[in-house]
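Heads up: the structure comes next, in structure tokens.
Rule-based calculations on the coordinates, nothing more; no lab input. Note that this is a predicted model, so its numbers are computed, not measured. Note that each Cβ is placed from the backbone with ideal geometry, even for glycine, and that neighbours are counted across all protein chains shown.
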Amino acid sequence: MGRSVWKGPFVDGYMLGKAEAARESGRNEIIKIWSRRSTILPQFVGLVFGVYNGKKFLPVQVTENMVGHKFGEFSPTRTFTGHTADKKAKRN
């Protein structure tokens, strides 16, 4: 079940401040965040966020199509290395 509409989108408070500071400075630096659960707002469009995936910060360039999604959707936590059965088939 999703979040109720009357509450509005969830965004950690520190992220709004960091995004505002980055906009005012005008520099294109990566904003490091740990909040994968936060919703992407229209104010974030054009900024680059480093979303933590448990091991490292993956850069995410926010575009208009991402508004309304969560940051965690664009920073995968697992790496798929392939199925073990595929190696047997290639050997024969």
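Name the single residue that is nearest to the chain's Cα centre (by Cα) among those in segment 1-29 being among the charged types (D, E, K, R), surrounded by 10 or more Cβ atoms within 10 Å (Cβ to Cβ) and more than 18 Å from Q61 (Cα to Cα).
Only one residue tops the list, namely D12.
Could you please give the count of residues in segment 36-78 that are assigned to a helix (DSSP H, G or I), of a type outside the set (D, E, K, R) and surrounded by fewer than 15 Cβ atoms within 10 Å (Cβ to Cβ)?
2
Of the conditions (1) exposed (fewer than 13 other Cβ atoms within 10 Å of the Cβ); (2) under 12 Å from the mean Cα position of the chain (by Cα); (3) in a loop (DSSP other than H, G, I, E, B), K32 satisfies every one except a single condition; which number is it?
Result: K32 passes all but (3).
So, in segment 16-36, how many residues would count as being under 10 Å from L47 (Cβ atoms), in contact with a strand residue (DSSP E or B) (Cβ under 9 Å, 6 or more places away or on another chain) and not acidic (D, E)?
Residues that pass the stated criteria total 6.
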